[in-house]
1. What full-extension length gain, to one decimal in nm, is calculated for Ser85 and Thr150 as 0.36 nm per residue of separation minus the Cα-Cα distance?
2. Of Ala375, Ala166, Ala28, which is the most mobile in a GNM of the chain whose springs link Cα atoms less than 10 angstrom apart?
3. Give the accessible area for Ser243 in Å² (nearest 10); use a 1.4 Å probe, count only protein heavy atoms, and leave out ligands, DNA and RNA.
4. Through the Karplus equation 6.51 cos²θ - 1.76 cosθ + 1.60, θ set to phi - 60°, convert the phi angles of the stretch 97-112 into ³J(HN,Hα) values in whole Hz; use x for Gly and Pro.
5. Can you sort Phe29, Phe114 by 1.4 Å-probe accessible area, starting with the largest?
6. Taking a probe of 1.4 angstrom, what is the accessible area of Thr282 in Å², to the nearest 10?
7. 5 Å is the cut-off here: which amide hydrogens, built 1.01 Å from N in the peptide plane, fall below it relative to Lys78, excluding neighbours closer than 5 in sequence?
8. Would you tally the net charge around Pro219, using a Cβ to Cβ cut-off of less than 11 Å, leaving Pro219 out, and scoring K and R as +1, D and E as -1?
Amino acid sequence: MKEKPRVLLLSASSGAGHVRAAQALEKAFAARGDCLVEHVDVIQHVSKVFQRLYDKTYISMIRRAPELMGLLYARTDKPWEKMRSRLAVDRLNAQPMIRMLKRIQPDLCIATHFLPGEIIAWLKAKKKLQAHNAVVVTDYDVHAMWLCRTVDRYYVAIPEAVEYLAGIGVPREILRVTGIPVDPLFSAPLDRATARKHLGLDATAPVILIAAGGYGIGPVEQLVRDLLSLQKPWQIAAIAGKSEQVKKKLDDIAARAGNLVSSNSTGDGQKTSPRLVPVGFTKEMDQYMAAADLLVGKAGGLTTSEALSRSLPMALIEPIPGQEERNADHLLEEGAAIRCNNLPAAAWKIAGLMNDTQRLVRMKGAARKLGRPNAAAEIADDALKLLH
């Protein structure tokens, strides 16, 4: 009996998106039943210096110096430049990862972060690893850090990324437009009424979903206060992510915010529901996005791809210079989002959109057109064909 091929997914917990993409792929591969799949966070297999750089330093920079992040993003986005010097540094700090890859000797490697993609490409070039190498880009643009020479597949979010990569010398035949992989839950149809009932949200009021990201990054509390101060008949569901401090602040705001009075969906009377629903870390974002009329949050590749999969319009708050700004540009260009550059005016701008029903409908249609809820399954199917 032929052994099932071994698939190794490699992410990095520098921001939640790379890990979530790999988790989505893990589910898609596991559902097939025709391979053995394992997901590894490579941050656990690099030097302490790199662990601090990719974990604490990255998050701290986003919170405290986003403009510096944008500067670094632009300065390092030089295709094919300084690849050897970067690889030398990465190899020095990734020796535990290299030993792990040599020990496991997988048949197929799929990287959702540029660091493991680069290391695998080097090992293949040196014939120290026989595995096929696939890279899944987790933003709409492809930064130069993702570029490697020994790659069998690039999976990208949009057709423009294919044209860019082909234009700078990546062979067109290894490029695939699949979208960014999201949890297969997002591919299951879910109507708004069912989602709201499951989550205990108001059945009839417009629902605004505010997402701070997995690490609670963003001006969540001030935005919530500003939206509540408008006294509109909305219900706000605010996701605090992993930040217990943000969740506690939102609980305090909710206690003072009072209730909405709205008609029952059956039309047989009135009911009250909280104007603000604080939510901590949740694994039910597919439900919250199905329940909402608008997502307000950051422009990360995974969060926005999840929203598109649920045909959910977006209001993007102060995108981080660099990849978030570029993500936002693509969504604005396609009509699926608005951008709020200044926090003090964000609530006013969101209110204008919520009052424009026709525009919201158009944005919902644009989001539906862009959504790729089956991206993870598409990638799994295509990547396994490399083995035959």
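The values are calculated or read from the model by the stated rules, or taken from the named source; none is laboratory data. Keep in mind that what you see is a predicted model, and the values were worked out from it rather than measured. We place every Cβ from the backbone using ideal geometry, glycine too, and count neighbours over all the protein chains shown. Ligands, DNA and RNA are excluded from the accessible area calculation, which covers all protein heavy atoms including side chains. Shrake-Rupley method; radii C 1.70, N 1.55, O 1.52, S 1.80 Å.
1. Going from the current span to full extension adds 21.7 nm.
2. For the chain, modelled as a Gaussian network with Cα springs under 10 Å, the answer is Ala166.
3. 20
4. In residue order, the calculated couplings are 5, 4, 5, 4, 5, 5, 6, 6, 6, x, 7, 9, 10, 10, 9, 9 Hz.
5. Phe114, Phe29
6. 30
7. Under 5 Å from the amide H of Lys78: Ala144.
8. It works out to a net charge of 0.
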